[in-house]
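Have a look at the structure below before the remarks.
Any read-out appearing in this document is the output of simple, stated calculations on the displayed coordinates, not a laboratory observation. All of these numbers come straight from a predicted model, not from anything done at the bench. In this analysis, Cβ positions are derived from the backbone assuming ideal geometry, glycine residues included, and neighbour counts consider all displayed protein chains.
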Amino acid sequence: MALLSVIRRWHFRQQVPIREIERRTGLSRNTIRKYLRADTVEPQFKVPERPSKLDPYAEKLSGWLRIEAGKSRKQR
């Protein structure tokens, strides 16, 4: 949702009219006005670091790939 901050920057800092913002974003003027009137800031969500589902099998998979790399193309 970086769009909210872009709309605010265009309108308040660069003095871009609402109609021009409408053309650039494809949003309606009423939606743009609603975004400009809102006092809320975009939520910044932190994505928790999760281990890959393949991590428990990584060694086995890399072993299979090493074995297959040594074979000829027709035997793979």
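Listing for the model above:
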{"item": "Protection proxy ranking, peptides 47-60, 11-24, average beta carbon neighbours within 10 Å, highest first", "result": "11-24, 47-60"}
{"item": "Spherically averaged projected area of the chain from its Cα convex hull (nm²)", "result": "10.4"}
{"item": "Net lengthening on full extension, Leu4/Arg33 (0.36 nm per residue, minus Cα-Cα)", "result": "9.3 nm"}
{"item": "Calculated FRET efficiency for the pair Ser52/Gln75, C-beta based, R₀ 22 Å, to 0.05", "result": "0.15"}
{"item": "Estimated [θ] at 222 nm from DSSP helical runs (n ≥ 4, -39500 (n - 2.57)) normalised by residues in the chain, nearest 500", "result": "-13500 deg cm²/dmol"}
{"item": "Mean separation of Cα contacts under 8 Å, 6 or more apart, over the residue count of the stretch 3-75: relative contact order %", "result": "24"}
